[in-house]
Amino acid sequence: MPGNFPSLRTTGSLDTSTISRVLVVDDDPRMLRAITTLLRRSGYEVITATDVDQALVAAERHAFDAAVVD
């Protein structure tokens, strides 16, 4: 698959077989919590940040398979 991006199955769900750790960056606490909850329930390890500085620190400390950035 080009770029190793996850594929959507016909059910509309994300194929999680290639992604395990996701960085979620959002300055809205409710949105951050909602996205984090959804991803964790789907089996992802989630690291969160509320601003660019926190996101950069997280990126230095961890390897991410994907990021959700607002």
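The values are calculated or read from the model by the stated rules, or taken from the named source; none is laboratory data. All of these numbers come straight from a predicted model, not from anything done at the bench. With ideal geometry, Cβ positions are generated from the backbone for all residues, glycine too; neighbour counts draw on all protein chains shown. In case anyone asks, the SASA skips ligands and DNA or RNA and just uses the protein heavy atoms, side chains included. Shrake-Rupley method; radii C 1.70, N 1.55, O 1.52, S 1.80 Å.
The number of residues in the stretch 51-70 being surrounded by 15 or more Cβ atoms within 10 Å (Cβ to Cβ) and part of a loop (DSSP other than H, G, I, E, B) comes to 2. The residue of the stretch 29-38 that is nearest to the chain's Cα centre (by Cα), among those that are open to solvent by less than 50 Å² (accessible area, probe 1.4 Å) and under 12 Å from Thr50 (Cβ atoms), is Thr36. Within the stretch 54-70, residues that are over 13 Å from Val25 (Cα atoms) have Cβ atoms under 9 Å from residues that are β-branched (Val, Ile, Thr) in these pairs: Arg61/Ile47; His62/Ile47; Asp65/Thr18; Asp65/Ile19; Asp65/Val22, counting only partners at least 6 apart in sequence or on another chain.
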